[in-house]
Amino acid sequence: MNAQSQWQFAGSVPENYERYLVPSIFAAWADDLVEVAALQPSERVLDIACGTGIVARTAARKLDAGGSVVGLDLSAPMLAVARTAAAAEGVTVEWREGSAVKLPLRDGEFDLVFCQQGLQFFPDRPTALGEMYRVLAPGGRVVLSVWRELERSPGFAVLAEVLTRHIGPEAGALMTSGPFALSNIEELRALIAGARFKDIAIRPAVRTLRYPSPDEFVLRYAAGSPLASTVAGADDNARAALLAEISVKLQSSVDDQGLAFPIESNIAVARR
C-alpha cells in the first residue's frame, strides 16, 4: 500500500480485515487458541464473534467427519468473507448470523466455545458469557482471549496517542475503548466466574507483530478496522502528520526487516 494513494482503501473493511489483519495479527493467535483448547477430533465447536472466521477455520482443519464447527458473528459482510475464505481452503464450517448476547442456538449444543478478541466489544459481557455457558454441554469448555494493557503493545499505544492528536479523540477512543478495553486479568476472571464457569485458568502470552514499515502498519490496520472511514475522511495534512509522527515514535522498533513490536493477550480457559 502507498500512503499517498491508498487512504481510500480499496475493498471493504471485512475484505481488508481478512487481507491485512488476519495474516499479521490473528492467524497465529488462532493457532494458539486451538492448541490450548486440546481440541478432540469429533467435538462440536462454536466460534463466537468469529469475524472472517480464522479460529473456526483453524479448528475445522483439526476435526474428523464426526466433528462440526459453527462460526457466528453479528456482521453479515464479515460472514460473507468467511464463507469465501473457508471455501478457498476447503474446510467445512456452518456460518450463522447472530448476537453474542442472545445466541440463536440450543442449550448444551457444543463441547467447546471459542471467542478470540471479541468479549471486550460486547455491550453486555456477563450476558454473553452466560450465553456461552448455556450452549455448552456439561463439562464443555470455553477458550477465549482479550488483549492485555495497551501500554504493553508500543505500536498500538503510539497509534492511539497520535490518532487522538491528529485525527481526533473519537479516533483514539476506537483503540482505547475498543480492542484494549478488557485488559485487567482480575476483571476478566470475575466475569468468567460470574457466569458460573469453574476451573478458570488465565495466562498471559506475547507475540511479535511485523510490518514492512510504520506507514504500512498504520495503513493496513486502518484499512481492516473501524478506523477505516474515520481516517480516510480526515484532512490530507492531518493524515500526513499522523504518519510522520508515528514513523518518528516507532523508529527505535525498526530494523533491516521492518517494524516489529510486541502485543500481549490474556488467554482464558474454563469449564462448564
Candidate set from the range 182-199 (those that are buried (at least 17 other Cβ atoms within 10 Å of the Cβ) and hydrophobic (A, V, I, L, M, F, W, C)); member that is nearest to the chain's Cα centre (by Cα): L182
Checking E149 against (1) surrounded by 20 or more Cβ atoms within 10 Å (Cβ to Cβ); (2) farther than 20 Å from G53 by Cβ; (3) of a type outside the set (A, V, I, L, M, F, W, C); (4) under 17 Å from the mean Cα position of the chain (by Cα), the condition it does not meet: (1)
Answer from G108, G67, G98, G71 - the residue that is buried (at least 22 other Cβ atoms within 10 Å of the Cβ) and within 21 Å of R141 (Cα to Cα): G71
Leading residue by the ranking (nearest to the chain's Cα centre (by Cα)) among those in the range 80-102 that are part of a helix (DSSP H, G or I) and of a type outside the set (V, I, T): A82
Test: residue in the range 41-48 that is touching a Phe, Trp or Tyr at 6+ places or on another chain (Cβ under 8 Å) and open to solvent by 30 Å² or more (accessible area, probe 1.4 Å): yes
Test: residue in the range 103-120 that is among the basic types (K, R) and under 20 Å from the mean Cα position of the chain (by Cα): no
Hits in the range 200-215 (condition: under 27 Å from G233 (Cα atoms) and open to solvent by 40 Å² or more (accessible area, probe 1.4 Å)): R210, P212, D215
For T84: the one exception among (1) in contact (Cβ under 8 Å) with a residue 60 or more places away in the chain; (2) among the β-branched types (V, I, T); (3) out of contact with any Leu (no Cβ under 9 Å at 6 or more places or on another chain): (1)
Qualifying position, being touching a Leu at 6+ places or on another chain (Cβ under 8 Å), of a type in the set (A, V, I, L, M), open to solvent by less than 30 Å² (accessible area, probe 1.4 Å) and at pLDDT below 95, among A37, A3: A3
Test result for E170, free of Cβ contacts under 8 Å to residues at least 60 places away in the same chain and assigned to a helix (DSSP H, G or I): no
Failed item, numbered, when A60 is tested on (1) open to solvent by less than 30 Å² (accessible area, probe 1.4 Å); (2) closer than 21 Å to R272 by Cα: (2)
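The values are calculated or read from the model by the stated rules, or taken from the named source; none is laboratory data. Quick caveat: nothing in here was measured; it's all calculated off a predicted structure. When we count neighbours, we look across all protein chains shown, and the Cβ atoms used for this are built from the backbone with ideal geometry, even at glycine. Remember, those area values only see protein heavy atoms, side chains included, never the ligands or the DNA or RNA. Shrake-Rupley method; radii C 1.70, N 1.55, O 1.52, S 1.80 Å.
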